[in-house]
Structure formats: structure tokens, C-alpha cells
Amino acid sequence: MFELTPFVRRQNILAYDPFRELENIGKEFFGGGESMRFRADIKDTGKAYELEAELPGFAKEDIKIDVEGDYLTVSAERKESKEEKDAKGNYVRRERYYGSFGRSFDISGVDAENLAASYKDGVLKLVMPKKEARLPSARRLEIE
């Protein structure tokens, strides 16, 4: 016969924010902020770890590598501006690109004093030697 559909009343209609809904749709479509991170691969070579980070389009001077405590942070920032004007000096097209990327890595098992970094063809390569495993020293205590 007739189908009954329950009516759901929103408890607080004033809390509804359509702009928040649009922002959530944008995050879902573009990956929730994943576009602001760069891809990184970490390999264990036995004596060291090799981190390869893809940073295409960045100049070497725009990339910063910071070590603080047991964390290594790789960040890059790009600022680019293009302007095209006609003969009267009016803008025909004006574009600006700004973006910053950053990731942090736990390097508690790495010898932070002997890190080596290189950058070639849009790939940052970090060689991070492992800390040598120290065996606890054995000793005998004298009883007083």
C-alpha cells in the first residue's frame, strides 16, 4: 500500500553550515590534503636506510632538511609568478603558484651525525647510516 518514510528532524538546524559541507566535498574529491605531501620511499640496505623523495619542479635551494631530536623534517616551498601584459600594460593573464610541502620521519635508529643528501632530476636522496647496535657490557660487582 503506502510506504512510510521516517521523518528525521535535525535537533539544531542552526548548526548546519553549507560551506563546511562544500569544504568536505572538496577534501574528499582532492584526497583530503594528500596533495600537500610528497611521495617518499625508504629502503633498508643493511648498513643504512635510503630515503628517496619525489620533489619535481623544485630547485635545490627551495628544499630544507632539518634534524631535531629523533625527527628528520623535509620541507619544500615553491613560489612562482607569471605575468603577461599587452602593449598598454594591461594584464592579459596573471598567474601565481604557491605551495609548501613537508613530511617528518622518525630517525631514532639512525646515526644523525652522518646523514648525506643529494638532489638530482626532482628526486631527493638521503643516505642515513644505522646506529651500531651496542651490546650491554657485562661486569661483575664487588660486594662491600
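The values are calculated or read from the model by the stated rules, or taken from the named source; none is laboratory data. Since the structure is predicted, the reported quantities are computational estimates derived from the model, not experimental observations. Neighbour counts run over all protein chains shown; Cβ positions are idealised from the backbone, glycine included.
Considering only residues that are out of contact with any Pro (no Cβ under 7 Å at 6 or more places or on another chain), within 26 Å of K60 (Cβ to Cβ) and either part of a strand (DSSP E or B) or among the polar types (S, T, N, Q) (or both), which ones fall in the range 111-143?
A116, A117, S118, Y119, K120, V123, L124, K125, L126, V127, M128, P129
Just to be sure I understand, how many residues within the range 94-124 are without any contact (Cβ under 8 Å) to a residue 24 or more places away in the chain and hydrophobic (A, V, I, L, M, F, W, C)?
Total meeting the criteria: 1.
Please identify the pairs in which a residue from the range 50-67 that is on the phi < 0 side of the Ramachandran plot and aliphatic (A, V, I, L, M) has its Cβ atom under 7 Å from the Cβ atom of a residue that is in a helix (DSSP H, G or I) and surrounded by 14 or more Cβ atoms within 10 Å (Cβ to Cβ), counting only partners at least 6 apart or on another chain.
From residues that are on the phi < 0 side of the Ramachandran plot and aliphatic (A, V, I, L, M), the pairs are V67/A112.
Say we look at the range 57-87 and pick out the residues that are more than 19 Å from E113 (Cα to Cα) and polar (S, T, N, Q); which of these is modelled with the highest pLDDT?
Here the answer is S75.
Give the range 109-137 a look and list any residue that's of a type in the set (S, T, N, Q) and surrounded by 10 or more Cβ atoms within 10 Å (Cβ to Cβ), or say none.
Going through the range 109-137, the residues of a type in the set (S, T, N, Q) turn out to be 114, 118, 137.
Listed by number, the residues that qualify are N114, S118.
Evaluate the following for E95: is it of a type in the set (D, E, K, R), at pLDDT below 75 and part of a strand (DSSP E or B)?
It is true that E95 is of a type in the set (D, E, K, R), at pLDDT below 75 and part of a strand (DSSP E or B).
Quick one: in the range 35-56, which of the residues that are small (G, A, S) and modelled with pLDDT of 90 or more is nearest to L115 (Cα to Cα)?
A48
Please indicate, with yes or no, whether at least one residue in the range 97-108 is exposed (fewer than 14 other Cβ atoms within 10 Å of the Cβ), under 17 Å from the mean Cα position of the chain (by Cα) and of a type in the set (D, E, K, R). Break it down stepwise before answering.
Let us first name the residues in the range 97-108 that are exposed (fewer than 14 other Cβ atoms within 10 Å of the Cβ), namely 97-100, 104, 106, 108.
From what's left, under 17 Å from the mean Cα position of the chain (by Cα): 98-100, 104, 106.
Subsequent filtering for residues that are of a type in the set (D, E, K, R) retains 106.
Looking for residues that are exposed (fewer than 14 other Cβ atoms within 10 Å of the Cβ), under 17 Å from the mean Cα position of the chain (by Cα) and of a type in the set (D, E, K, R), one finds at least one in the range 97-108, hence yes.
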